[in-house]
Amino acid sequence: MRPAVFIDRDGTLVDDPPPGYIADPGKASIFPGSADALARVRALGYLLVMVTNQAGIGRGLINWDQYRAVAARVDALLGQHGVSLDGTYMCPHAPERDGECPCRKPKLALYERAGAELGIDYPRSWWVGDRITDLLPARALGGAGILVLTGRGPDYEEAARAQGFGVAADLAGAISAIAAPR
């Protein structure tokens, strides 16, 4: 069993300017310092797992081919820094159209699937994202969470602090906190 860093995609790893729902892989860019930070935490033995809600698919704003093309571009950008993800798990459902589903964050289905497939030690794992919904699974599964102030993070900073989650300027800052000696 190994610990993981669960990373949200849009607004956390990838810049997600309004209106959101990145459809053009040419517009996908990772935040500066993120890939190098992920390489650093991987060297400490953490698995890197992306979990992302992609309601734009369910809403008909992006299609599966566009999602896959953007995902491939993000993988390529990380690869330029020698980083690869151990797994990517995605929920395509739009709650207003599809109703509740077990895979939309903060629900646990995608995390449980990742745990079963990758052998994840949840209590030693971290959740990093720009929304409270990215962090809440840490509570249910026994890990810790850090809100990043990129993307929508500023909208959730007060709530994150009130719930005892860490806060960092960006993904690189969150990874620095995770990698710091205890």
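The values are calculated or read from the model by the stated rules, or taken from the named source; none is laboratory data. All values derive from a computational prediction rather than experimental measurement. With ideal geometry, Cβ positions are generated from the backbone for all residues, glycine too; neighbour counts draw on all protein chains shown. Heavy atoms of the whole protein, side chains included, go into the accessibility calculation; ligands, DNA and RNA do not. Shrake-Rupley method; radii C 1.70, N 1.55, O 1.52, S 1.80 Å.
Is it true that R68 is open to solvent by 10 Å² or more (accessible area, probe 1.4 Å), basic (K, R) and more than 25 Å from G115 (Cα to Cα)?
Working: open to solvent by 10 Å² or more (accessible area, probe 1.4 Å): yes; basic (K, R): yes; more than 25 Å from G115 (Cα to Cα): no.
So R68 fails the test.
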Checking the conditions here, which among L108, L48, L78, L85 is aliphatic (A, V, I, L, M), out of contact with any His (no Cβ under 6 Å at 6 or more places or on another chain) and under 19 Å from A140 (Cα atoms)? L108
If a residue must be in contact with a strand residue (DSSP E or B) (Cβ under 6 Å, 6 or more places away or on another chain), over 14 Å from T150 (Cβ atoms) and either modelled with pLDDT under 95 or among the hydrophobic types (A, V, I, L, M, F, W, C) (or both), how many such residues does segment 160-169 contain? 1
Residue check, H81 against (1) within 24 Å of D170 (Cα to Cα); (2) out of contact with any strand residue (DSSP E or B) (no Cβ under 8 Å at 6 or more places or on another chain); (3) open to solvent by less than 50 Å² (accessible area, probe 1.4 Å), all met but one. Which one? (3)
State whether one or more residues within segment 59-69 are of a type in the set (D, E) and more than 21 Å from G153 (Cβ to Cβ). yes
Wholly within segment 96-182, which helices (runs of 4 or more DSSP H) include no fewer than the required count, namely at least 3 residues that are farther than 24 Å from M1 by Cα and either open to solvent by 40 Å² or more (accessible area, probe 1.4 Å) or in contact with an Asp or Glu (Cβ under 6 Å, 6 or more places away or on another chain) (or both)? 153-162
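Each row is one residue, and each column tells you yes or no for (1) open to solvent by 50 Å² or more (accessible area, probe 1.4 Å); (2) in a loop (DSSP other than H, G, I, E, B); (3) in contact with a Leu (Cβ under 6 Å, 6 or more places away or on another chain); (4) charged (D, E, K, R).
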site	(1), (2), (3), (4)
F6	no, no, no, no
P17	yes, yes, no, no
Y21	yes, yes, yes, no
G45	no, yes, no, no
V49	no, no, no, no
Taking only pairs six or more apart or across chains, which ones have beta-carbon atoms under 7 Å, a first residue in segment 60-75 that is within 26 Å of E96 (Cβ to Cβ), and a second residue that is outside any helix (DSSP H, G or I) and modelled with pLDDT under 95? L61/Y21; I62/Y21; I62/A23; Q66/A23; Y67/Q54; V70/I22; V70/A28
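Matching residues to (1) over 15 Å from the mean Cα position of the chain (by Cα); (2) at pLDDT 95 or above; (3) within 15 Å of P106 (Cβ to Cβ):
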| site | (1), (2), (3) |
| --- | --- |
| I120 | yes, yes, no |
| D134 | no, yes, yes |
| L147 | no, yes, yes |
| G153 | no, yes, no |
| Y156 | yes, yes, yes |
| L171 | no, yes, no |
| A174 | no, yes, no |
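Considering A39, A69, which residue is in a helix (DSSP H, G or I) and touching a Pro at 6+ places or on another chain (Cβ under 6 Å)? Before you say what the answer is, go through the steps one by one.
Numbers: A39 fails: touching a Pro at 6+ places or on another chain (Cβ under 6 Å).
When all the criteria are applied, what remains is A69.
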